[in-house]
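The values are calculated or read from the model by the stated rules, or taken from the named source; none is laboratory data. Fair warning: this is a prediction, and the values are worked out from it, not measured in the lab. When we count neighbours, we look across all protein chains shown, and the Cβ atoms used for this are built from the backbone with ideal geometry, even at glycine.
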Amino acid sequence: MLYSLFRLTEFDGLVVFIFMVLTLRRIYAPKMPARETSIYLGVSLALYVALQYATYLLPISPHPHHYWYSLFLLLIIPFITSILFLPGHVAGKLLYTLLYVSFVQLYKMVWSPLYSVEGRIPDSQYIFWDILSFVLLIVLLYAFYMLTRKSISKISGTVGNRLFLLTYFPIALLLYYSIDLIDIPVFDNYRDAILALAIIPALPILYDLFVTMTESFEQQRKLDTALTETRAQIFRYRYSLEIDERIKKERHELKNNYLYIQTLLHEKRYDELNSYIYESIGEKMDQISSISTGNLMLDYILNRKISEAQRNHIKIYTEITLPSNIQINDECFCTVFLNLFNNAMEACEYVSSPDIHIILKVIENYLCCEIKNKANVDSLRENPDLETTKPDSESHGLGLKIVKETIENCDGMFQTSVDGNYFTAKFMIPISNA
């Protein structure tokens, strides 16, 4: 009978073991070459077979093994082989294996009422529920893996100490249930007290974890904000350097042009003079951007990003009506505009005939900017904020969260909307009093 073979070979324990070995490999070495993977899996499986099945050949070995012996093998073999063959921090692997084994043990405790009635209910009924519990365990273990699949490759000493603290709870649970199975009378009398004693130290550990996690998120947010602001400042400094270099170059060329024109006039070579003015100076005039707001920083950012978009074959439509010499918070505008425009250009990579519309105007002492770009309809449904989806998203384009925070810090307003296959971002920042 298949079920008898299932029980005789302890197939459920073998599957749970293999699943744990595979998930450790997926977490810590997803790109491990086939040869190294085969060695890792082979050594793990060989150790398990030797200690779980080959030991039955010994005259003193019971059949089946004691449950806690099998659970010990499930814990120790994957942990040791992961240290030997997989990269990553030991504390992270220890924590994962402990949590995995504790999960299996707690799951078994949930089904303990079924195991206690074995032989007292019809075999067919027991077999059905036993197989069902095994299938459900595999499903839940996969869900457990999906929730814990991030590896820990490098951590500081403080975080490492906290990771070891986290191992307390699964170890305490495993010890509690192991003592329970030994059937000590004193334990039965103080069961609740011992369980409470095991749980109490876990409470401050969980609180410490929560505080650490909150502080980490806040520090990451501050670092992201500082990074974006720094990029905006670098953009401004680069602009200043380019303007200075351009002035030097233009001064030199102007001097040469003046001498050459003076020579042509002196020699009355009017046809050559006309051609030179048309071809040389006229070409330079064509290169001068049509966007001129009176604010050098605004002009530079707009012209620079528009040129970049046009080089990527993105059509740009502008509607700019600003008073001359408008004064705004340059750092705020840089941070917001660059993030939004970069997001717009990224979205244009996934559509045909891409275009971006830019509207700049003043409304009641506020500079109002609207950036509208064509976007993929499916992307708009799945990612309505159009945050960057590139692999190096942490090293550029920090998304709308930073934009919103920057707008809030400079007392501005911000909103986004979707109209058909266009994504629109609008922001308003105060105009500085000159």
ask   = Within the stretch 18-71, can you find the residues that are of a type in the set (D, E, K, R) and either in contact with a strand residue (DSSP E or B) (Cβ under 6 Å, 6 or more places away or on another chain) or modelled with pLDDT under 90 (or both)?
value = 31
ask   = Which of the following residues is over 21 Å from residue 144 (Cα atoms) and buried (at least 20 other Cβ atoms within 10 Å of the Cβ): 48, 28?
value = 48
query = Which ones in the stretch 108-128 are surrounded by 16 or more Cβ atoms within 10 Å (Cβ to Cβ) and among the aromatic types (Phe, Trp, Tyr)?
reply = 111, 126
message = If I filter the stretch 1-39 down to residues being charged (D, E, K, R) and touching a Leu at 6+ places or on another chain (Cβ under 9 Å), which single residue comes out as farthest from residue 93 (Cα to Cα)?
response = 12
note = (1) surrounded by fewer than 16 Cβ atoms within 10 Å (Cβ to Cβ); (2) among the aromatic types (Phe, Trp, Tyr); (3) within 26 Å of the chain's Cα centre (by Cα) all hold for residue 341 apart from (1)
key: Within the stretch 77-128, tally of residues that are in contact with a Leu (Cβ under 7 Å, 6 or more places away or on another chain), within 22 Å of residue 38 (Cα to Cα) and without any contact (Cβ under 8 Å) to a residue 40 or more places away in the chain   = 1
message = Test of understanding: among 279, 272, 308, which residue is modelled with pLDDT under 80 and assigned to a helix (DSSP H, G or I)?
response = 279
query = Hey, does the stretch 58-66 have a residue that's surrounded by fewer than 19 Cβ atoms within 10 Å (Cβ to Cβ) and part of a helix (DSSP H, G or I)?
reply = no
